[in-house]
Amino acid sequence: MRRAFRAPQGPALTQAALAPADSGRGGFIGLRVSEVTPVADDAVAVSFDLSPEQERRFDFQAGQHLTLRLVTAGVELRRTYSICVPPGHGRLTIGVRKLPGGAFSTFVHDQLRVGDVLEVMEPAGHFTVALDPQARHNYVAVAAGSGVTPVISILETVLERERHSQATLLYGNRTVGSTMFLDQLADLKDRHPGRFQLVEFFSRERQQVEFLNGRLDQAKVAQAANALLDIERVDNWLICGPHPMLAGVRRALEQLGVPADRVRSELFFVEDAPPERTQAVQQALARPGEAMVTARLDGRETTFAMERSAAIVDGLLRTRGDAPFSCKGGVCATCRARLVEGEVAMDHTYALEPREREDGFILTCQAHPLSDRVVVDYDA
Ligand code: FES
């Protein structure tokens, strides 16, 4: 029997009034939990049962993520979790680490059971790779903590579908016990002997090889790259982890002369305090009057007036409950859209790659209209 979806504090849940279920890109679909499996001391993998129709709607690319919604006592919580299995096997599984004080992850760890139904948005995200079965690519992934979640999906996929490609994972954790997916990674090595190399670093547990002790930061990655890799031959760098680690690895690769177009990254967590708004943005936002914004979403256009101090996704949410968002902090890119017309000012853009910005993509949870008229396209 299907059990009710339960809230962290115990009160009964009601369907969220804020966003309709099952309504295109920003809508939610109820998926039944089929398995909750420990994958580290403080992390679990949550798998879902899919009907044939749901299998079609939840078709995904390796590296994509799911946004989950929990409504408790009238308050809506949304969290984004990466898919940790390869596509094409009829499975849909996410990895969830329990965060101190994290309402959603605590619920998943302490209360979620097989048979519960979770509200889930269709897969999204652009931390993906273009597969070529004939290619002889050399992938290097650098992951810290739960940042391994999308990486394991990508590496398993490329090793399976690109029979001549090779992959290395530089994987940083605090301890062996806190390391997610150790068994799956060992299995990956067994299935692809000679094509997959795993190098583990621990910051709070000593290993005999001194080089493997410490955080996976700028210096460590530079050291590892020089000692273990033929840098010239690496054509795909994939970085996933918290903000300071990501910035450090990018600096290391820049200093090693790695071309920027070989580096992809996905931010998992922002620990630092967000930077102050720049003066230019503050001045721009102080402009009087409202802006007219048109948003294309799921093939439908909506035009509305909004104050410049508000974020575009919040303006859209007043009339379109299906406007896609999750973190509202510039981290997850669920709210990404292309700026088709006009000008905007953005606060934090952690989730945008430089090339996405060049291509005109914005994060609508961070974007304020500067021009009198703005057009954004969520379908782009
Ligand atoms: S909602 Fe997460 S970046 Fe905008």
> Do you know which residues across region 160-182 are over 18 Å from PRO193 (Cβ atoms) and not hydrophobic (A, V, I, L, M, F, W, C)?
Replying inline: TYR171, GLY172, ASN173, ARG174, THR175, GLY177, SER178, THR179
> If you take the residues in region 93-111 that are without any contact (Cβ under 8 Å) to a residue 24 or more places away in the chain and open to solvent by 30 Å² or more (accessible area, probe 1.4 Å), which one is farthest from LEU70 (Cα to Cα)?
Replying inline: PRO100
>> Can you list the helices (runs of 4 or more DSSP H) lying wholly within region 274-380 that have 1 or more residues being near the ligand (Cβ under 10 Å from one of its atoms)?
In response: 312-317
> Can you tell me which residues in region 240-262 are modelled with pLDDT under 95 and assigned to a strand (DSSP E or B)?
Replying inline: GLY241, PRO242
> Taking region 78-105 as the search range and keeping residues that are among the basic types (Lys, Arg) and farther than 19 Å from GLU53 by Cβ, which one is nearest to the ligand (Cβ to nearest atom)?
Replying inline: ARG78
> Of everything in region 31-54 that's over 17 Å from VAL96 (Cβ atoms) and either assigned by TED's automatic domain parsing to the domain that holds VAL176 or of a type outside the set (Gly, Ala, Ser) (or both), which residue is surrounded by the fewest Cβ atoms within 10 Å (Cβ to Cβ)?
Replying inline: PRO52
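Conditions (1) among the hydrophobic types (A, V, I, L, M, F, W, C); (2) open to solvent by less than 50 Å² (accessible area, probe 1.4 Å), marked per residue:
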site: ALA222; (1), (2): yes, yes
site: GLU232; (1), (2): no, no
site: CYS240; (1), (2): yes, yes
site: PRO244; (1), (2): no, no
site: GLU254; (1), (2): no, no
site: GLY257; (1), (2): no, no
site: ALA260; (1), (2): yes, no
site: VAL263; (1), (2): yes, yes
site: GLU266; (1), (2): no, yes
>> Pairs please, first residue from region 65-82 and surrounded by fewer than 23 Cβ atoms within 10 Å (Cβ to Cβ), second anywhere and of a type in the set (Phe, Trp, Tyr) and not in a strand (DSSP E or B), Cβ atoms under 7 Å, 6+ apart in sequence or on different chains.
In response: LEU70/PHE104; LEU70/PHE107; LEU77/PHE104; ARG79/PHE104
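Would you check which residues across region 46-73 are at positive phi and in contact with a Phe, Trp or Tyr (Cβ under 9 Å, 6 or more places away or on another chain) and list them? Don't jump to the end; show me each part of the working.
Here is the first cut: in region 46-73, the residues at positive phi are 63, 73.
Result: GLY63, single match.
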>> Of everything in region 129-146, what is assigned to a loop (DSSP other than H, G, I, E, B) and either closer than 20 Å to HIS243 by Cβ or among the hydrophobic types (A, V, I, L, M, F, W, C) (or both)? Give them in sequence order.
In response: VAL129, ALA130, LEU131, ALA135
>> Name the residue that is surrounded by the most Cβ atoms within 10 Å (Cβ to Cβ), counting only residues in region 159-186 that are charged (D, E, K, R) and either touching a Leu at 6+ places or on another chain (Cβ under 7 Å) or within 27 Å of GLY214 (Cβ to Cβ) (or both).
In response: GLU162
> Quick one: is VAL114 in contact (Cβ under 8 Å) with a residue 60 or more places away in the chain, touching a strand residue (DSSP E or B) at 6+ places or on another chain (Cβ under 7 Å) and buried (at least 21 other Cβ atoms within 10 Å of the Cβ)?
Replying inline: no
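The values are calculated or read from the model by the stated rules, or taken from the named source; none is laboratory data. Nothing here was measured: the structure is a model prediction, and the numbers come from that model. Cβ atoms come from the backbone with ideal geometry, glycine included; neighbour counts cover every protein chain shown. Remember, those area values only see protein heavy atoms, side chains included, never the ligands or the DNA or RNA. Shrake-Rupley method; radii C 1.70, N 1.55, O 1.52, S 1.80 Å.
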